[in-house]
Every structure is written in C-alpha cells, then in structure tokens.
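Novice: Supplied in structure tokens, the structure appears directly below.
The values are calculated or read from the model by the stated rules, or taken from the named source; none is laboratory data. What you see is a predicted model, and the numbers here were worked out from it, not measured in a lab. Note: ideal-geometry Cβ built from the backbone for every residue, glycine included; neighbour counts use all protein chains shown.
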Amino acid sequence: MSYCDRPGLMPIEQALKTILADVKSVTSVIEVPLVGCLGKVVAQDIVSFVDVPPTDNSAMDGYCLALADLEKAVDGMLPVSQRVPAGVVPEALEPGTAARIFTGAEVPEGADVVVMQESCSEQDGCVLLPPMLALRDNIRDQGQDILKGSVVVSKGQRLRPQELGLLASVGVGSVPVYKPLKVALLSTGDELIEPGEPARPGTIFNSNRYTLRGLLQALHFEVVDLGVVADTFDATEEALIEASSADCIISSGGVSVGEEDHVKLAIEKLGRLNLWKLAIKPGKPFAFGDVKGTPLLALPGNPVAAFATFLLLCRPYLLTKQGVGNISTPTFTLPANFSHKKAGMRQEYLRANAEVVDGTMMVNTYPNQSSGVLSSTCWGNGLVLAPIGQTIQQGQAVMFMPYNDLLY
C-alpha cells in the first residue's frame, strides 16, 4: 500500500525525505566559459596550478629593506636603490639600501620587511625609517591565499560571484559543470488570464507562472514554460505528456479535491503518485510523483502555498537533482515580536520580517496569513516556523528562515 492509499497528512520532514530518496542527479557535463558560470554546479574538483600570490608581494605602498640593515642606517636613513611598481620583476635588493615599493609589487630578493610610506620620509635619495620594525611585516607570502595543487572549488559546489573571482585568480578560464536542469512549468485553471490582458468577471491574473518562473531562473535552471492548461482531463494529460520531455515538471493548481482538479488523476494515469497532502500550512495539497518517468512536483494553486512549497520542497529537490552537495536551509533563532495564539493541526510557515526593535533583532509576522495574500511574501524577509500543536508567545524564541538563503 502506498502513502497515497492511507488516510492522514504526511509531515514535511517525511515528505522531504521521500522525494530526496527518489532523486537521480544529472550526469551530463558541459564546459562553460568562466564568464557564464554564475549559478552553475561544478562537476569535478578544480585544482590550482599556481600559487596565489605567485611571489612575496607588498601589502601597501612604502619601502622595503632587509631588517638587519636597519642597524646600519645612519641616523635611521638608508639610500633608495630602486623603484618597484606592481607588474615589474625587481632586481635583487642591494645590501644596505631600501627600495621604493608599491602595493602588490613583488618584494625583491634580500628584502624581508615593508614599511608603510606614512611612517617614512624621503629626502635627497634616502629614506628616513622608524626605529622599530618587525620581520616580514606588510609582506604577503607566496601562496598565502592559495597553494599550487590545492582544491579551489569542490565538486558539487554552486558558483557564486566570489567563486568566479577565486577561479579567475588562479587562471581558470572555463569550468566543467553539470548541464543545467530543464524544468517544464505549467499552470492550471480556466480562471487564469495573463498580465496585460483586460480583466474580466470571474478571472484572475496568473501570478504563479511568474513567481515560479522567477524562482527557477534565480536558481539558474532552464525553464520550458508551457503556460496555462485548460481545466479538462484531456488538456491536462496532453500538457503533462509534452512536459515529460524535460528533466522535471512543476505544476501549480489541479491537485486538490475539486471536480476541476485534473492533475492528480492525470499523474496517476500517466505515471505514479508517491505522495499527496502534507501536514503543512500553507501547502497541504502538494503532490510528488512522475509522468512517464519524469519527476513531477505538483504545487497548490493558492499563490502563497505555491511560493512556500517551492522554497521548502522543490528547491532542495531540484538542487539535489542538479548535483549540488550539502544542501541546507539555514535557520536562525530569534525572539518573537508577535503572538500566535492558535495551536494548529499542521506545521505552519508564517510570512515574517526580522528587524531590529529597540536594539534587539526580533521577528514579526504579517497580520493576514491567508494563502491567497501574495503581498505577505513581499512584505517581509523570511518565514517563521510554527510547530504543530504549539502556540507562540511574545518574546518566545522562534525559528526564522531568511528568504535570502532560500532563494539562492
């Protein structure tokens, strides 16, 4: 007997475990120029073939010398024997002299300390130095940042702007990455019209299409947008068959218990339904299965429910399928600047805003937590978890999940 044949609602932790147990990560690898790698997932460890920095260099503008020569300085002064700008290979430092040096420039052989220019004064070809210096002060050692042969970026890591800069710093011009997932997206509902069309009685503008498409694009997937599917079984079946050529399918609407909700029945005919109905609010009608072997995540039609279930369930599933390792959902414990007096029968995810109140970081919630109030997702900066059967009192510690970490 499958879960779908049993009564009751599945806890979200069990649902996530179920869908992740089923996931098969992509294996296709493509070589992508570094400039186009943002958000891509690295398919193998990237090893540096150089030291960074490649030689000892100066951390600032100033003068370099051999510390032992300071004792030989007459009245604290040494002659300046050369000028060393960045990008020039210097000559070995002449004993008993100092060299004018600039930030990032290679430290000449024989020098073992750099003195910042603000601590020196130059006159008549000599530099007046401070009496106390420390060996290797203001020198960046060769390989201080990255050692030749070390792993710079690990397999399974998603490339952020800082990783792109790091790869550039070791001379990597292109990266082997997993081919981005192709995700088919469709919406159901005869009541849906597109933004820009004239509003008509009995219709609503299709917000889910744009929310979900934006979320997929933010995660750097390729989107196959199939638009709105008519509320008939035949149209739903046809659309799902077309969508099954993608790596994954995401739908919104059509998985509840109404007579016009055809997605669930079409999934059961074309493939299988692994789970349906979760003990979460918003998002109870969420379903997971496959269509002709292609995994499908069927989201509720209510806009906040679609948004929340994407973040909580689709995101970890899709990133795992993309080959990302060590996916986590960062959470923070913050005091509540609100009360939640009704103990729910489902685990709730409240739209929330973390902000400083009287010098303390606290979290508040949007007054209207209806799953149809999409403005609540824009008002704040994260979600607060309200566990099943528990109330929340003012000042109580709650779990906060920032959007910034969920949208990446």
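Okay, residues lined up against (1) of a type outside the set (Phe, Trp, Tyr); (2) in contact with a helix residue (DSSP H, G or I) (Cβ under 7 Å, 6 or more places away or on another chain); (3) buried (at least 21 other Cβ atoms within 10 Å of the Cβ):
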site: 318; (1), (2), (3): yes, no, yes
site: 322; (1), (2), (3): yes, no, yes
site: 335; (1), (2), (3): yes, no, no
site: 351; (1), (2), (3): yes, yes, yes
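Novice: Looking at this structure, is residue 114 under 43 Å from the mean Cα position of the chain (by Cα), buried (at least 18 other Cβ atoms within 10 Å of the Cβ) and not in a loop (DSSP other than H, G, I, E, B)?
Specialist: Numbers: under 43 Å from the mean Cα position of the chain (by Cα): yes; buried (at least 18 other Cβ atoms within 10 Å of the Cβ): yes; not in a loop (DSSP other than H, G, I, E, B): yes.
So residue 114 passes the test.
Novice: Ok, one more. Just to be sure, is residue 242 out of contact with any helix residue (DSSP H, G or I) (no Cβ under 9 Å at 6 or more places or on another chain), surrounded by fewer than 18 Cβ atoms within 10 Å (Cβ to Cβ), assigned by TED's automatic domain parsing to the domain that holds residue 287 and of a type outside the set (S, T, N, Q)? Lay out the reasoning, then the answer.
Specialist: Working: out of contact with any helix residue (DSSP H, G or I) (no Cβ under 9 Å at 6 or more places or on another chain): yes; surrounded by fewer than 18 Cβ atoms within 10 Å (Cβ to Cβ): yes; assigned by TED's automatic domain parsing to the domain that holds residue 287: yes; of a type outside the set (S, T, N, Q): yes.
Here the answer is yes, as residue 242 does meet what is asked.
Novice: Do you know which residues across segment 274-286 are farther than 18 Å from residue 349 by Cβ and surrounded by 22 or more Cβ atoms within 10 Å (Cβ to Cβ)?
Specialist: 276
Novice: Being closer than 30 Å to residue 153 by Cβ, out of contact with any strand residue (DSSP E or B) (no Cβ under 6 Å at 6 or more places or on another chain) and surrounded by fewer than 18 Cβ atoms within 10 Å (Cβ to Cβ) is the filter here; which residues of segment 48-68 pass it? Steps first, please.
Specialist: So the first thing to find is which residues in segment 48-68 are closer than 30 Å to residue 153 by Cβ, and the list is 48-60.
Checking which are out of contact with any strand residue (DSSP E or B) (no Cβ under 6 Å at 6 or more places or on another chain) leaves us with 49-51, 54.
Scanning segment 48-68 gives 49, 50, 54.
Novice: With aliphatic (A, V, I, L, M) and in a strand (DSSP E or B) as the only criterion, which of 265, 215, 273 stands out?
Specialist: On the way: 265 fails: in a strand (DSSP E or B); 215 fails: in a strand (DSSP E or B).
Residue meeting the stated conditions: 273.
Novice: Step by step: first the residues of segment 352-379, then only those that are among the hydrophobic types (A, V, I, L, M, F, W, C) and closer than 18 Å to residue 334 by Cβ, then the one that is modelled with the lowest pLDDT. Which residue is that? Please lay out each step first, then the result.
Specialist: Taking segment 352-379 as the starting set, the residues that turn out to be among the hydrophobic types (A, V, I, L, M, F, W, C) are 352, 354, 356-357, 361-363, 373-374, 378-379.
After this cut, where a residue has to be closer than 18 Å to residue 334 by Cβ as well, the list is 352, 354, 356-357, 361-363, 379.
On the way: 352: 98, 354: 97, 356: 96, 357: 93, 361: 97, 362: 98, 363: 98, 379: 97.
Out of the qualifying residues, it is 357.
Novice: If residue 156 meets every condition in (1) in contact with a strand residue (DSSP E or B) (Cβ under 9 Å, 6 or more places away or on another chain); (2) loosely packed, with under 15 Cβ neighbours inside 10 Å apart from one, which number is that one?
Specialist: For residue 156, the failing item is (2).
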